[in-house]
Amino acid sequence: MNGHCLVVDDDAEICTSLTAYLQGFGWQVSAAADGQVMRQVLSAVKVDAIVLDLMLPGEDGLSLLRWLSTQADAPPVLMLTARGDTMSRVIGLELGADDYLAKPFEPRELVARLQALVRRASKGQATGLEDDARLLRFGRWRFDRMTRQLINEEDVGIALSSAEFRLLAAFVQRPGRVLSRDQLIELTRAPGVEVNDRSIDLAVSRLRAKLGDTAREPSTIRTVRGEGYLFDAEVSPC
């Protein structure tokens with residue numbers, strides 16, 4: 001069993017087909033057509049992940065995301081959005097969604113994304129990763145947030161500029177999530193410092209160089225075309 005997934009969508013055909021597809025991959029599935037039923041399911045059973053459509057009757061998906069963000073131990077959320085609806089995706093991620101998928105979507109990709117969300121949530125619970133942990137490990141690197149250094153396998157420290165440090169600090173707290181340039185601008189903003197799309201791209205390029213990512217096939221900070229950047233590494237406290 002992969003866990004229990006709650007599908008929140010008012011399209012009965014999508015709910016039926018997605019339920020059958022997920023069950024074929026070992027998921028237990030519940031379905032809800034609106035926020036009221038979603039809350040009823042969450043109060044009755046343990047849910048490991050939610051697939052949430054943004055376009056719902058009555059209370060829309062963004063309002064439900066706001067509510068979920070106030071709940072203790074809320075499960076990770078994969079939101080479904082209309083193709084090309086960039087603003088809804090950005091707002092949804094800012095409100096706490098863990099990932100998104102545009103309609104129409106490939107069901108196998110949705111399953112893979114759900115499995116990744118549940119793995120990351122389980123790893124986070126197991127490691128007890130805290131926002132104020134000084135040393136974090138990912139791949140072959142350690143990140144010292146007090147001295148603002150990357151430390152390699154030979155215990156050699158590599159200094160980070162202020163922009164690189166703020167960028168990496170934003171990434172390590174959100175591994176596996178696509179972050180738009182607008183989000184990264186907000187996450188790396190500092191008093192007296194102007195941050196824009198160009199400065200984000202430059203900081204990413206310089207940080208990739210220090211991480212040893214190649215220009216053609218970056219392995220740690222991946223570009224998601226038309227969306228932003230994804231930090232593709234598991235992060236744990238040292």
Is any residue of the stretch 215-238 close enough, with backbone N under 15 Å, to a label point placed 7 angstrom from the Cα of residue 201 along the Cα-Cβ axis, and if so, which?
223-229
Longest to shortest principal axis, alpha-carbon extents of the stretch 135-237, angstrom:
35, 32, 22
When the helices in the chain are scored as -39500 (n - 2.57) per DSSP H run of 4 or longer and the sum is shared across all residues, what 222 nm value do you end up with, to the nearest 500 deg cm²/dmol?
-12500 deg cm²/dmol
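Roughly speaking, what is the stretch gain from residue 161 to residue 214, that is 0.36 nm per residue apart minus the C-alpha to C-alpha distance, in nm to one decimal?
Working: separation 53, 0.36 × 53 = 19.08 nm, distance 1.99 nm.
Here the segment from residue 161 to residue 214 would lengthen by 17.1 nm.
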Give the dimensionless ratio obtained when the Cα radius of gyration of the stretch 3-127 is divided by 2.2 N^0.38 Å.
0.96
P(r) of the stretch 4-73 over all Cα-Cα pairs, binned every 5 Å from zero, in whole percent:
4, 17, 30, 26, 16, 7, 1
Pop out the ³J(HN,Hα) list for the stretch 33-42 in order, Karplus 6.51 cos²θ - 1.76 cosθ + 1.60 with θ = phi - 60°, rounded to Hz; leave Gly and Pro as x.
8, 7, x, 4, 5, 4, 4, 4, 5, 5
For the chain, just the Cα atoms, rotate onto the principal axes and tell me the three extents in Å, largest first.
54, 34, 34
Quickly work out the residue 71-to-residue 2 label distance, labels modelled 7 Å from Cα along the C-beta direction, and quote it in nm with one decimal.
2.0
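Quick one: 5, 238, 15, fewest Cβ neighbours within 10 Å first, how do they rank? Spell out each step's value before the answer.
On the way: 5 27, 238 11, 15 20.
With the fewest neighbours first, 5, 238, 15 line up as 238, 15, 5.
Coordinate-derived values only; no laboratory data. Computed from a predicted model, the values in this text were never measured in an experiment. Reconstructed Cβ throughout: ideal geometry from the backbone, glycine too, with neighbour counts over all protein chains shown.
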